[in-house]
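Accompanying notes for the structure given below.
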Amino acid sequence: MAPRIGVVTFPGSLDDRDAARAVRLAGGESVSLWHGDATLHGVDAVVLPGGFSYGDYLRCGAIARFSPVMAPLVDAARGGMPVLGICNGFQILCESHLLPGALTRNDSLHFICRDQRLRIESTSTAWTSEFTEGQEIVVPLKNGEGSYVADERTLDALEAEGRVVARYLEVNPNGSRRDIAGISNEAGNVVGLMPHPEHAVEALTGPTTDGLAFFASVLGSLVGAGVAR
Amino acid sequence: MARVVVDVTLKPEILDPQGQAVQGALGRLGLGGVTSVRQGKQFVISLEGVLDDSRRTQLEELAATLLSNPVIEDYSLSVEDAG
């Protein structure tokens, strides 16, 4: 049985379909989760997709954080279940305090949409084990509030503990501290990523198929852990 | 009726590109000597009845979790009318 990966749809989610498709292309079974669900329906991992949950009102991700589905998700994530937050999903993970720091308005004030070169800095997370350390990839980036900020002590700790998962190369598109494009929690099961690997899984629509390895990684992690076969 | 005002501002060390854009516009519109603009949010919350201690505590908690993000923002809560 393929691992079951839940993809949460919030009001205003945009990329839930693409995330579900990426899960399937990587060989997993995608399970649609609704923000109003008080259960995760027994999934093995969860993707919080990109978009504009609750219209980005208040702060990006601030209202989604209090959705019914987030209570069991936060518990499961603390218990080791793999969770990937992409773009708005990353913002929700920060608002939920599953990841440190916050994402603020791009320093240019412009919404940025481009194919972005990244370097994978850590392959010891549940979502990046299929990469090689230092591997360079190109995936789409599209955000208005993608500037990663945290205090210097937190940034130093992230670097020292190997929790910077991906960094922007060539250009820092949004003013993120230390060119950070993605981070993980201490255990490595929760990853937040501002760029969009789910849009780079097919040659027809993506700049590359580099994004697929994130989804293949979690399937490998789950099978390796005996959670799914 | 009670009324509570919560002001949320970015912490001083957080870059505020919107505030900077407003600062630029103020200068272009002829206002000299503007050294800084920081943009924030204000929530004016009207409540039925009287604002007792337990509701006030609840509001403080919500100001620190929902209305502001303590990683990047500070808030101040003032009771304009306790009802």
Quick check on my filter: what residues within the stretch B:12-37 are in a loop (DSSP other than H, G, I, E, B) and within 13 Å of chain A (Cβ to nearest Cβ)? B:12, B:13, B:14, B:15, B:16
Taking the stretch B:50-83 and keeping residues assigned to a strand (DSSP E or B) and over 30 Å from residue A:151 (Cα atoms) leaves B:79, B:80, B:81
From the list A:25, A:73, which residue is surrounded by fewer than 22 Cβ atoms within 10 Å (Cβ to Cβ) and of a type in the set (A, V, I, L, M, F, W, C)? A:25
Looking at the stretch B:57-82 only, could you name the residues that are surrounded by fewer than 15 Cβ atoms within 10 Å (Cβ to Cβ) and either β-branched (Val, Ile, Thr) or away from every other protein chain (no Cβ under 14 Å) (or both)? B:57, B:58, B:60, B:76, B:78, B:79, B:80, B:81, B:82
Considering the stretch A:87-115 alone, what residues qualify as being surrounded by fewer than 24 Cβ atoms within 10 Å (Cβ to Cβ), of a type outside the set (Lys, Arg) and farther than 13 Å from residue A:192 by Cβ? A:106, A:107, A:108, A:109, A:110, A:111, A:112, A:113, A:115
Output yes when any residue across the stretch A:152-171 is within 14 Å of another protein chain (Cβ to nearest Cβ) and charged (D, E, K, R), and no when none is. yes
Meets criteria (modelled with pLDDT of 95 or more, surrounded by fewer than 22 Cβ atoms within 10 Å (Cβ to Cβ) and either more than 14 Å from chain B (Cβ to nearest Cβ) or over 25 Å from residue A:139 (Cβ atoms) (or both)) for residue A:40: yes
Given the criterion β-branched (Val, Ile, Thr) and either on the phi > 0 side of the Ramachandran plot or without any contact (Cβ under 8 Å) to a residue 12 or more places away in the chain (or both), identify the matching residue among B:9, B:65. B:65
Is there a residue being surrounded by fewer than 23 Cβ atoms within 10 Å (Cβ to Cβ), of a type outside the set (A, V, I, L, M, F, W, C), more than 23 Å from residue A:149 (Cβ to Cβ) and over 14 Å from the mean Cα position of the chain (by Cα) anywhere in the stretch A:58-69? yes
Of all the residues that make up the stretch B:25-50, how many are farther than 27 Å from residue B:73 by Cβ and in contact with a Lys or Arg (Cβ under 9 Å, 6 or more places away or on another chain)? 1
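The values are calculated or read from the model by the stated rules, or taken from the named source; none is laboratory data. Computed from a predicted model, the values in this text were never measured in an experiment. So basically every Cβ, Gly included, is an ideal-geometry build from the backbone, and we count neighbours across all protein chains shown.
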